[in-house]
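Below is one structure; the comments refer to it alone.
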Amino acid sequence: MKNYIIKRVLISIFTLLAITLVLFILLQLMPGSPFNDEKLTDTQRTALNMKYGLDQPLVVQFGKYVINMFRGDFGVSYTISKNTPISQLIQSRLPVSIAIGGTAVGIGALIGLILGIIAALYHNTFWDGLCTFIAVLGVSVPSYVFALALSYTLGFKLSWFPMLYSGDKPFISSVLPSIALSMFTLASIARFTRTEMMEVLGSDYMRLAESKGIYGPRLIIRHGLRNALIPIITVLAPLIVDLMTGSLVIEKIFSIPGVGSLLVTAIQSNDYNVIIALSFIYSAMYIAIMLAVDILYGLIDPRIRLAKEV
Amino acid sequence: MEKNKLASASAAHDEPATFLPDDFLLKNDDELLRIDSNFSTQNYWMNIAKRFWANKGAVVSLFLIFMISFFAIIGPGMNAFSYSDQNLTQKNFAPRIAGLEQLGIFNGDEVLRTTTGVKMVNGYKTAGLDKVYYWFGSDTLGRDVWTRVWEGTRVSLGIAFAAALIDMFIGMSYGLISGYYGGKVDSVMQRFAEIVNGIPRLVIVTLLLLILKPGFVTIVIALMITEWIGMSRIARAEMLKLKEQEYVLASRTLGARSFRIIFREILPNIIGQIITQLMFSIPTAIFTEAFLSFVGLGIPVPMCSLGSLISESFSSFTTHPYQIVPPLLVLAALMLCFNILADGLRETFDPKLKEM
């Protein structure tokens with residue numbers, strides 16, 4: 001297990017470094033320079049290059065760049081809000097995104113588990129069909145279709161919820177985006193829970209528990225669900241990817257002041273520094289979560305722990 | 001033994017066991033005779049087709065995909081409008097269809113909610129146009145939504161198929177070669193794939209589109225870089241399963257070179273899994289394209305795709321919902337159908353697989 005963890009950590013660090021290198025190269029390749037202004041004279045331009053350290057050799061620049069990135073110093077924004085440190089921009093927006101993403105995962109996981117258990121318990125009945133249909137729908141239909149549908153019906157026609165996010169009422173205005181964002185989570189967890197639950201329900205230890213006289217929710221949750229939950233951790237990886245891409249569009253639709261909408265704005269206004277900083281943060285989060293999932297999975301499931309040791 | 005049991009059973013009931021001739025039948029040997037009857041040989045693909053046909057959801061999905069593709073091919077030519085011609089005097093017309101307008105639906109009426117109250121508007125009547133029919137309405141620049149939706153579907157499907165096919169070739173070759181050679185080659189190739197896989201797709205696609213100009217080819221390249229890994233994993237896993245088989249050994253003994261063994265001997269045996277994975281990667285490609293358009297990195301104007309149509313009509317979707325509904329529905333239907341089809345194919349090719 002120790003060797004496995006060390007190997008995974010090394011690969012993760014290497015991946016993050018590779019990403020940083022790619023980002024650095026891209027930064028060099030970007031068309032134009034931040035000092036594109038024709039009014040600048042050559043001496044002014046050199047002075048600016050000196051100020052931002054752009055006159056040093058590339059290797060030194062890269063070294064500095066890596067250190068800065070890992071310290072959370074991403075430079076300043078060029079166009080979105082001039083000369084504001086990007087870390088400051090992100091700091092105010094990250095909590096909003098995490099709150100909505102977290103709510104979405106919470107809602108999705110809870111409802112997904114319930115749907116999955118119902119589908120497994122009433123296997124091959126109408127309820128199973130309904131849950132399966134919801135699951136297929138949620139996996140295949142993009143979250144922004146749900147977002148637009150919800151926004152039009154519940155937001156515009158019925159006016160139950162605000163169509164746009166407002167900081168004054170963070171709870172009520174994050175209902176719709178959270179639901180829209182949670183659909184994929186809900187669907188994939190429901191699918192996985194159903195499959196795993198059906199396997200667990202047919203196993204010998206469930207029959208043993210039943211014959212000992214355990215019944216009802218206690219049997220299903222304490223004995224069934226606990227064992228079915230382990231493999232569900234593996235769904236986390238595609239979930240995170242979806243949350244990241246989903247948040248971009250959802251935040252744009254509901255105009256939520258989060259990291260996703262910041263990235264969209266940065267892309268549309270060619271603010272390279274912000275794009276690169278956010279790419280780095282997204283990658284770092286993604287890699288960290290993948291690493292955590294892999295290690296957690298190894299720790300929880302003894303079969304994997306033993307297999308990896310060989 | 002049998003007799004004793006019967007005797008004791010009847011003794012217990014104090015009834016003498018009397019058997020009539022009708023209680024017995026001659027045991028025929030039909031079952032034994034049938035063992036040697038002949039069966040027509042079952043073609044593998046016939047078998048597959050039969051099993052696929054039994055999966056009604058997948059068949060309906062396939063049919064719907066054909067329908068959508070059919071309209072994507074002929075739809076833009078079905079009326080006189082072109083996808084890029086603007087007619088600013090005829091903008092924001094609600095859908096009107098000849099024939100159906102008498103029934104009170106699709107007659108060009110549109111309910112507008114203004115600050116002063118609800119207002120009924122009919123663009124055709126205001127402009128005095130009796131002979132003009134926009135089947136799905138017209139957009140904010142006076143372009144026909146029907147034509148643009150099918151043109152957009154054409155572009156989206158084009159991108160999806162191009163990207164999926166390229167991914168299939170790259171991923172398949174990568175996985176097959178990595179699995180076949182094993183050892184150092186495999187471990188280097190797998191580490192590389194692991195690192196590429198460690199980078200979120202969103203980041204790769206965004207960055208790539210920043211240095212290249214947005215367009216059809218760029219989106220295909222972006223999808224090409226990110227989507228081959230899933231395919232390569234499937235191909236490698238199948239290769240590891242098959243490479244120790246006897247027919248591979250036989251082929252090698254006969255002097256076949258690695259290239260021939262990989263692509264002529266093993267590849268045909270895993271084609272089912274490859275096709276399934278291909279079908280799964282098409283909706284991913286459609287989604288990624290739509291997502292990129294929504295973010296502003298998609299197909300440049302005046303060309304359109306499903307994603308760009310959705311993002312264009314998003315700004316006015318509360319006042320003119322008929323502009324966003326058709327592309328949204330086509331997109332959702334395509335993704336749903338391709339996913340159900342892929343699920344169906346997976347079960348068809350591998351019936352032993354767990355459900356779902």
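The numbers here are math on the coordinates, done by the rules we state, and not lab data. A quick note: this is a predicted structure, and the numbers were derived from the prediction, not measured. In this analysis, Cβ positions are derived from the backbone assuming ideal geometry, glycine residues included, and neighbour counts consider all displayed protein chains.
Neighbour counting of Cβ atoms within 10 Å sorts the residues A:272, A:144, fewest neighbours leading, into A:272, A:144. For the range A:104-121, the residues whose backbone nitrogen is under 12 Å from a point 7 Å from the Cα of residue A:289, taken along Cα to Cβ, are A:104-106. Estimate the FRET efficiency between residue A:17 and residue A:49 by the formula 1/(1 + (r/R0)^6), using the beta-carbon distance for r and 25 Å for R0, to the nearest 0.05. Calculated value: 0.45.
Kindly express, to the nearest 10 degrees and within the range 0 to 90, the angle between helix A:86-121's C-alpha long axis and the longest C-alpha principal axis of chain A. Value to nearest ten degrees: 20.
In chain A, Cα pairs under 8 Å separated by at least six residues give a relative contact order of 25 percent. Normalised by 2.2 N^0.38 Å, with N the number of residues, the alpha-carbon radius of gyration of the range B:162-206 equals 1.30. Here the simple spin-label model places points 7 Å from the Cα toward Cβ, and for residue B:42 and residue A:121 these points are separated by 3.8 nm. Paramagnetic label reach from residue A:171 (point 7 Å along Cα→Cβ; backbone nitrogen cut-off under 18 Å): within the range A:104-122, residues A:104, A:106-107. Considering only Cα atoms, the convex hull volume of the range A:232-298 works out to 75 Å³ per residue. Taking the alpha-carbon centroid of each part, what is the distance from the range B:182-200 to the range B:205-252 in angstrom? Answer, in whole Å: 12.
Compactness of chain A was expressed as the Cα radius of gyration divided by 2.2 N^0.38 Å, which yields 1.24. Applying Stokes-Einstein at 37 °C and 0.692 mPa s to the Kirkwood radius of the range A:27-138, computed over alpha-carbon pairs, gives a translational diffusion coefficient of 171 µm² s⁻¹. For trypsin sites (Lys or Arg not before Pro), the sites in the range A:143-213 that DSSP calls loop and that have at most 15 other Cβ atoms within 10 Å are A:212.
Taking the fewest neighbouring Cβ atoms within 10 Å as the starting point, the ordered list for A:285, B:46 is B:46, A:285. Per-residue Cβ neighbour counts within 10 Å put A:154, B:209, B:249 in the sequence B:249, A:154, B:209, beginning with the fewest.
Applying a threshold of 30 Å to the alpha-carbon distances of A:64/B:184; A:157/B:213; A:7/B:243; B:50/B:241; A:82/B:213 flags A:64/B:184; A:157/B:213 as lying beyond it. Over the residues of chain A, the helix contribution to mean residue ellipticity at 222 nm works out to -23500 deg cm²/dmol, using -39500 (n - 2.57) for each DSSP H run of at least 4. Taking a point 7 Å from the Cα of residue B:318 along the Cα-to-Cβ direction, the residues of the range A:239-277 with backbone N closer than 17 Å to it are A:251-257.
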